[in-house]
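Inspection log for the structure reproduced underneath, given as structure tokens.
Values in this text are rule-based calculations from the coordinates and carry no lab data. These figures come from a predicted structure and were not determined experimentally. Here the Cβ positions follow ideal geometry from the backbone for every residue, glycine too, while neighbour counts run over all protein chains shown.
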Amino acid sequence: MISPSKEAIPLPALAGFTKRHGSWFAEEIPLADLAKQFGTPLYVYSKNALVQAFQAYDRACLDANGQRRARIHYAMKANSNLAVIDCLKNLGAGFDLVSGGELARALSIGADPSSLVFAGVGKSSSEIRQALKAGVKSINVESTAELQKINRLAAEIGCRAPISLRVNPDVDAQTHPYISTGLRGNKFGIAYHEVLKTYREAALLSQIDIVGIDCHIGSQITTTSPYLDALDKVLDLIAQLKREGILIHHLDLGGGLGITYGSETPPDITEFANTLLNRIAERGFSHLEVIFEPGRSLIGNAGVLVTQIEYLKPGAEKNFCIVDAGMNDLMRPALYEAYHGIVPVQEKNVKPSVYDIVGPVCESGDWLGKDRLLAVEEGDLLAVLSAGAYGFVMASNYNTRPKPAEIMVDGKNAYVIRQREKITDLFATENTLPERNT
Ligand SMILES: *Cc1c(COP(=O)(O)O)cnc(C)c1O
């Protein structure tokens, strides 16, 4: 019944979370204490894991002499909690934004507008105005129609619009189809063979300043080769543009570097950065300002979701471990059939069984893990690992379930960085129809 391959999936190395004498800790605090104090389901982040992940990236951006070769713009859609982005801002990160809402978050923590790039395939007029007025470093443009709209809106406001074109390099990032973005068939970016033409068009527009070029090929990518393929294609474009007198100042390579959830072995960050930055130098483009936009690889393994077991439900085909966190709290398994390590918060000496770990939501897709060997009883706590990225931010109120609280642990201290929602808040803005006298 226990398939050996599943049993063999190792736990990811987690900087901020450790098991001590059978109990899991977030830094210096037992997860069980946090669950008791703040309830479940509960997102818990380790500040130091986040800091370490950022610093590893940042070090990789320096050359052997300590000269900066690249900058990090955190893709806040991975986790946009104010505490997370404020922490990264203080470490020197800029941000990659994909909505007016994210722009407002960045401005609310006092991020320097010149550290913001604004991406997204469907920016609305009001979002573009918001970005122009804020003075972002670059709007990453994904179509000719958007370029024309930005030019028009900048004229209305009476400003110039700094833009980059997002190139769709048509490379296969070898990741899940839902998180692949750099293939011809994806909605993202400007088709490779139309990029030069679009830059020429941009160069003629009265309000447009061409500042950069951008590409982002997908997410949870675990090899460097698709990045190198995309990079070479983008460098070819930059060279051609230069011959035509169109100068590119910055090269934005997007994000997408994968993390270890289970058996993935993504490249080491220093190796990854060196491979790409060396290629840029070898090809004679060291003058470009390079930007990386990591999201998942900064915060993914810095967070867990703690949940309590409501019921154990043995069955002929399957045993179910029914927990109080559902697909509305952590959508990745339902959306991508994603794997997350799941561990008992406190080890116990009871008979282990193989379970599907499922939530309370009325959907068969509502599961967090399948075929996991667990020694647990009703009322025990589980930690769903690697839940820091695309976890809380994707949470919904489906089934009128309040979103979990978020806690950030720093050493011995725990901070509530988002309060648990109250049920009454969930329908406070709804109205019944006025009474009709029929
Ligand atoms: C989502 C996204 C990122 C970050 O992707 P990760 O896989 O979380 O690193 C970076 N840039 C853009 C434009 C994105 O849409």
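Observations on the model:
- Count Lys and Arg as plus one, Asp and Glu as minus one, and take only other residues whose Cβ is under 9 Å from that of Phe392; the net charge is then 0.
- Between Leu277, Val350, Pro226, the Cα set farthest toward the positive side of the dipole of the chain (charges on each charged residue's Cβ, about the Cα centre) is that of Leu277.
- Euclidean distance between Cα centres, the range 38-78 to the range 252-313, Å: 10
- Annotation: amide H of Ile417 within the under-5 Å range of Glu406, Ile407, Met408, sequence separation 5 or more or interchain, hydrogens built in the peptide plane.
- Taken one residue at a time, the phi angles of the range 313-324 give Karplus couplings (6.51, -1.76, 1.60, θ = phi - 60°) of 10, x, x, 5, 8, 9, 9, 10, 10, 9, 10, 8 Hz. Gly and Pro are set to x.
- Fewest-first sequence of Tyr57, Tyr74 by Cβ atoms within 10 Å of each Cβ: Tyr57, Tyr74
- Restraint check, Lys137/Lys233; Lys47/Lys123; Lys149/Lys242, Cα-Cα greater than 29 Å: Lys47/Lys123
- Straight-distance crosslink candidates among aspartates and glutamates, where the alpha carbon sits under 13 Å from Lys370 and sequence neighbours closer than 8 are dropped: Glu7, Glu317, Glu337, Asp356
- Of all DSSP bridge pairs formed entirely within the range 112-294, close to 5 percent run antiparallel.
- Within the range 128-214, the trypsin sites (Lys or Arg not before Pro) that combine a DSSP coil assignment with at most 13 other C-beta atoms in a 10 angstrom radius are Arg184, Lys187.
- Candidate lysines for bridging to Lys422, where Cα separation is under 22 Å - those fewer than 8 sequence places away on the same chain excluded: Lys36, Lys403
- Antiparallel DSSP beta bridges within the chain, percent to nearest 5: 50
- Applied to the range 45-54, the Karplus parametrisation 6.51 cos²θ - 1.76 cosθ + 1.60 on θ = phi - 60° returns per-residue 3J(HN,Hα) values of 10, 9, 4, 5, 5, 5, 4, 4, 5, 5 Hz, with x for Gly and Pro.
- Three-way shape call for the range 31-156 based on the alpha-carbon gyration tensor, with the a/c threshold at 1.5: oblate
- For the chain, leaving out every one of the GluC sites (Glu not before Pro) that falls in a DSSP loop and has at most 15 other Cβ atoms within 10 Å, the longest unbroken run is 29-243.
- Least to most buried among His250, His176, His21, His216 (fewest other Cβ within 10 Å first): His21, His176, His250, His216
- Inter-probe distance in nm under a simple model that places probes 7 Å from Cα toward Cβ, at Asn65 and Glu201: 4.3
- Karplus-based coupling profile of the range 95-102, in residue order and whole Hz: 9, 9, 10, 10, 6, x, x, 5, with θ = phi - 60° in 6.51 cos²θ - 1.76 cosθ + 1.60 and x standing for Gly or Pro.
- Among the trypsin sites (Lys or Arg not before Pro) in the range 272-316, those placed in a DSSP loop whose Cβ has at most 16 other Cβ atoms within 10 Å are Arg283.
- Charge dipole of the range 112-294 (Cα centre as origin; +1 on each Lys and Arg Cβ, -1 on each Asp and Glu Cβ, all else neutral): 680 debye, rounded to the nearest 20.
- Sites listed here are chymotrypsin sites (Phe, Trp or Tyr not before Pro) in the range 376-438 whose DSSP assignment is loop and whose Cβ has at most 12 other Cβ atoms within 10 Å: Phe427.
- Cα gyration tensor shape of the range 284-438, rounded if a/c is under 1.5, else prolate or oblate by comparing a/b with b/c: oblate
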